[in-house]
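Contents: one structure, followed by commentary.
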Amino acid sequence: MNSTKWIWRIVSIISVLATLLLLAGFVYAIKDIQNPQAGNELAAPSAKPQENTEDKSPDAKKEIKIAAIGDSLAKGTGDNSGMGFARRTVKELSTDTGKKVTLLNNLGINGLTTTGLLPKLEERGTQYVLGQADIILVSIGGNDLFQGADLASKGISGTSSTATGQEMDPKDLLKGLPKASTQLKAILERIHAINPDAWIVYVGLYNPFGDIEDLKIPGNHAVASWNQAALDSINKYSNMTLVPTFDLFQHNLDKYLSSDHFHPNGDGYQQIAERIVQGIR
């Protein structure tokens, strides 16, 4: 009889303890919901990974590497110092930023056209140089538009289009514009694909024959059309810019052109280099 009483007592005690334990758990759960602890953040939605907001502009670089590609202007033809706008840009940008600025390579080629540049961009050496650059300077189109030395050789003395007895047809300036501007678009797109992180600077065209009556107006029109076509392509990319040069030379041909009346001289290249630095900064 006594053993039965003890059994019931033990059962009662266990029931009471179990009830107290359940109540304690219930109270704890309520408090945890109202005042969640730091350790319970596992249940919260995982945070989205932060986007890469690294500044890839030249200003963010500790060291700036530059490559130049294109025609004789990219090469620096006409500059007696041999610097051209590429090396002058290196010097000006180094002074302006106080950083180490180096020219990786100058891939400029005399007489190069858009037709000639497109396959060059598929060469492994070209792609290697462009792929290493922080800034890529591009000059192309002058030979497409003005037919380079062929047009310049038709008696350009700075004052007359018939100095050697050869007439120049202004309509020739516009003949190759549609095809060449389409190829320029392809060139800029390809350079961007080779190095999407580089700052690409396209040097706009000027009219070297603006002081020749027969070529001033059609030449200005052709250059404006070309530069606008280039700008339409460039505006699609946040890391491309067109550096205008038309206004620099328009009323200063005698001051900024070399003796061949086509390429800039040292002072002309210096003006372009300063514009490039302004465009980058």
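The values are calculated or read from the model by the stated rules, or taken from the named source; none is laboratory data. Small disclaimer: the values here were computed from a predicted structure and weren't measured. Because the Cβ atoms are built from the backbone with ideal geometry, glycine has one as well, and the counts that use them run over all protein chains shown. Remember, those area values only see protein heavy atoms, side chains included, never the ligands or the DNA or RNA. Shrake-Rupley method; radii C 1.70, N 1.55, O 1.52, S 1.80 Å.
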Worksheet item: Is it fair to say ILE64 is farther than 17 Å from PRO196 by Cβ and among the β-branched types (Val, Ile, Thr)?
Response: yes
Worksheet item: Would region 267-280 turn up any residue that is exposed (fewer than 15 other Cβ atoms within 10 Å of the Cβ), under 22 Å from ARG87 (Cα atoms) and either among the aromatic types (Phe, Trp, Tyr) or modelled with pLDDT under 95 (or both)?
Response: yes
Worksheet item: If you go through region 82-98 one residue at a time, how many are open to solvent by 70 Å² or more (accessible area, probe 1.4 Å) and hydroxyl-bearing (Ser, Thr, Tyr)?
Response: 1
Worksheet item: Are there any helices (runs of 4 or more DSSP H) wholly within region 204-281 with 3 or more residues that are in contact with a Leu (Cβ under 6 Å, 6 or more places away or on another chain) and within 20 Å of PRO178 (Cα to Cα), and if so which?
Response: 213-234
Response to the item:
Going through region 68-81 in order, the residues found to be β-branched (Val, Ile, Thr) and either on the phi > 0 side of the Ramachandran plot or open to solvent by 20 Å² or more (accessible area, probe 1.4 Å) (or both) are THR77
Worksheet item: In region 249-260, what residues are open to solvent by 20 Å² or more (accessible area, probe 1.4 Å) and either more than 22 Å from ARG87 (Cβ to Cβ) or of a type in the set (A, V, I, L, M, F, W, C) (or both)?
Response: GLN250, HIS251, ASP254
